[in-house]
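Before any comments, here is the structure.
The values are calculated or read from the model by the stated rules, or taken from the named source; none is laboratory data. These figures come from a predicted structure and were not determined experimentally. Backbone-built Cβ (ideal geometry, glycine too); neighbour counts: all protein chains shown.
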Amino acid sequence: MNDGNEITARQRPLMEATLRLIGRRGLDGVTHRAVAAEAKTSLGAVTHHFRSRDALIEAALRHALARETGRLRALALGLQDKAINVDAWIESLVVWYDRELKADAEMHIACYEAFLAAARTPHYRLVVEEWFETWRRSAQLALAAAGSSDPRRHAELFVSALIGLVFRQLAAPRRAFRRETISVLAELVSRLLQRG
């Protein structure tokens, strides 16, 4: 039985299946039966771990955000050596997201569903805040290295712009996403650094 906080190795395929369903059909598309079919397992295996649909969805959304936060931390560490060169930092960041969205859009859509769930239900907010804080710290590091006079405030603006651009790409994919996003973020950072 799962309390929604810790995912076991046996539950992980159920979480991934649930997230794929959320990404494809939204929260309403999640049922025990649909998850069992998606995970290619028995209905009993799903209900054994998650008695209620709400517990299943909550665990999956928490898993998605925790997974994404871990990946963002790893990305932030990988980008630290590029932080002093803002153009290289932005390009690496956008290239990473471009690959991610092509390879695993459903996971990112599920993360946005988690953001909406946090707007409605307070117990999702801590996990979502951790996701935003991971991003903000990464951007703050890069912007401080670039000479920002207010790296925290500028990081908030940068992260908001990035999240919006990624959301737009998920909702209405563009072929020129990589080029356009690099250009927009570089211009934003340039203006932030000029204004102080």
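For this structure, a couple of remarks:
- When the stretch 84-127 is filtered for residues that are over 18 Å from Ala155 (Cα atoms) and of a type in the set (S, T, N, Q), only Thr121 remains.
- Test: residue in the stretch 26-40 that is without any contact (Cβ under 8 Å) to a residue 12 or more places away in the chain, closer than 27 Å to Leu101 by Cα, of a type in the set (Asp, Glu) and surrounded by fewer than 22 Cβ atoms within 10 Å (Cβ to Cβ): yes
- Residue tally, condition closer than 23 Å to Ile84 by Cβ and touching a Lys or Arg at 6+ places or on another chain (Cβ under 7 Å), over the stretch 153-194: 3
- Checking each residue of the stretch 113-120 against the condition of being basic (Lys, Arg), within 26 Å of Arg67 (Cα to Cα) and surrounded by fewer than 14 Cβ atoms within 10 Å (Cβ to Cβ) gives at least one match.
- Elements of the type helices (runs of 4 or more DSSP H) sitting completely within the stretch 1-67 and holding at least 2 residues that are within 25 Å of Arg125 (Cβ to Cβ) and at pLDDT 85 or above: these cover 12-25.
- Residue among Ser148, Ser183 that is among the hydroxyl-bearing types (Ser, Thr, Tyr) and either surrounded by fewer than 19 Cβ atoms within 10 Å (Cβ to Cβ) or touching a residue at least 60 places away in the same chain (Cβ under 8 Å) (or both): Ser183
- Residue tally, condition aromatic (Phe, Trp, Tyr) and closer than 23 Å to Leu141 by Cα, over the stretch 86-126: 3
- For the stretch 103-152, residues that are under 17 Å from Val86 (Cβ atoms) and hydroxyl-bearing (Ser, Thr, Tyr) total 3.
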